[in-house]
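The values are calculated or read from the model by the stated rules, or taken from the named source; none is laboratory data. No experiment lies behind these values; they were computed from the predicted model shown. We place every Cβ from the backbone using ideal geometry, glycine too, and count neighbours over all the protein chains shown. Remember, those area values only see protein heavy atoms, side chains included, never the ligands or the DNA or RNA. Shrake-Rupley method; radii C 1.70, N 1.55, O 1.52, S 1.80 Å.
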Amino acid sequence: GIAYLMFAATTLALYLAVLRRIAGSQFVLVLIIFFPTIGITLACGQNGLLTAALIGMTCLFFEDRPLLAGAALGLMIIKPHLAVAFAAYAVLRRSWIVVITAAAIVLISSAICTATFGVEIWSAFLQSVRDSSAFLEQGNYPMHRMISIYAALRTLGLPALASLVGQGVVAALALAVVVIAVYRRMPARESLGLVAVVSVCISPYAYDYDFLIFSIGLALLLPALLASARAWERGIIYALPIPIGAVGYLQAMQMATSVDGKQALAALSIGGFATIPLVALIVGIVLLRSSRTEAIAEAGVRCASA
């Protein structure tokens, strides 16, 4: 109980401090939108608050303090599948200080773990990866609490291979957004926000508590969305995160604990179905409408100066 209290309290405080600094005057709005997800994370004692805080620090420090950004990104080795988009972004941006620092953190922490627990941890790690892949394919995880398109398709009745293909397509599109954000030279706040938003779409293994990373992206993108999104679009963006964060947990409360694949696939992954259109809506507004608004504003400035 004491360990849980210490972990939950410290990670919550860190997450709120980072989110407050990113969201600014929109902090309360973001907090309300993601309150169910925060509550679920605290209820199950998971590390979503910690990973969201690390991603938030990566975004906060990326431009001005790359050593700190790299350190935060390197600490995401605890959940590396959720940091793929940011690793790609750092490489594409040629932010070598971030890349080298993150790699150093990974190598140093791995060396410390090996020295402490012995080289056999690596064979255990590889076996764990194989086991996790098999369990995911068999549907032995609580798919209704996952937010990936893989989980959504599996709970819809599609076989594992077809669901994995769907996940691959979505992951490729998510990485394409990262590439576009870099090569269009978008403002850092918007490009990092897009990276955070799409980062939850890459791995098939992502739960509702991992969705807190999305809150970092939304906080970064809110100024652009407030300027470019229509009222009904903002309503959807504010409303959809609530069932994504809450419905899976409510389903879990109603279901008996079981490792039976049929039981695990019995309830739909609402989060998996809702995450993709939510991300697509935000990405479309930021990439298409915001850029058009900026182009019009720049043209107006040039005309005025002429």
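Summed over segment 234-249, the residues that are open to solvent by 10 Å² or more (accessible area, probe 1.4 Å) and closer than 15 Å to VAL286 by Cβ give a count of 2. Taking residues in segment 137-160 that are closer than 13 Å to TYR209 by Cα, and partners anywhere that are open to solvent by 50 Å² or more (accessible area, probe 1.4 Å) and at pLDDT 90 or above, the pairs with Cβ atoms closer than 9 Å and at least 6 places apart or on different chains are MET146/TYR205; SER148/TYR205. Filtering segment 31-66 to residues that are β-branched (Val, Ile, Thr) and either buried (at least 23 other Cβ atoms within 10 Å of the Cβ) or under 13 Å from ILE213 (Cβ atoms) (or both) leaves THR37, ILE38, ILE40, THR41, THR51, ILE55, THR58.
If you go through segment 41-97 and keep only what is outside any loop (DSSP other than H, G, I, E, B), touching a residue at least 40 places away in the same chain (Cβ under 8 Å) and more than 15 Å from the chain's Cα centre (by Cα), you end up with ALA43, CYS44, LEU60, LEU92. Checking each residue in segment 1-25 for being closer than 16 Å to ALA196 by Cβ, open to solvent by less than 50 Å² (accessible area, probe 1.4 Å) and not small (Gly, Ala, Ser) picks out TYR15, VAL18, LEU19, ILE22.
Results for (1) more than 18 Å from the chain's Cα centre (by Cα); (2) open to solvent by 10 Å² or more (accessible area, probe 1.4 Å), shown as yes or no for each residue.
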| residue | (1), (2) |
| --- | --- |
| VAL179 | no, yes |
| ARG184 | yes, yes |
| ARG189 | no, yes |
| ALA196 | no, no |
| VAL200 | no, no |
| ALA206 | no, no |
| PHE211 | no, no |
| SER215 | no, no |
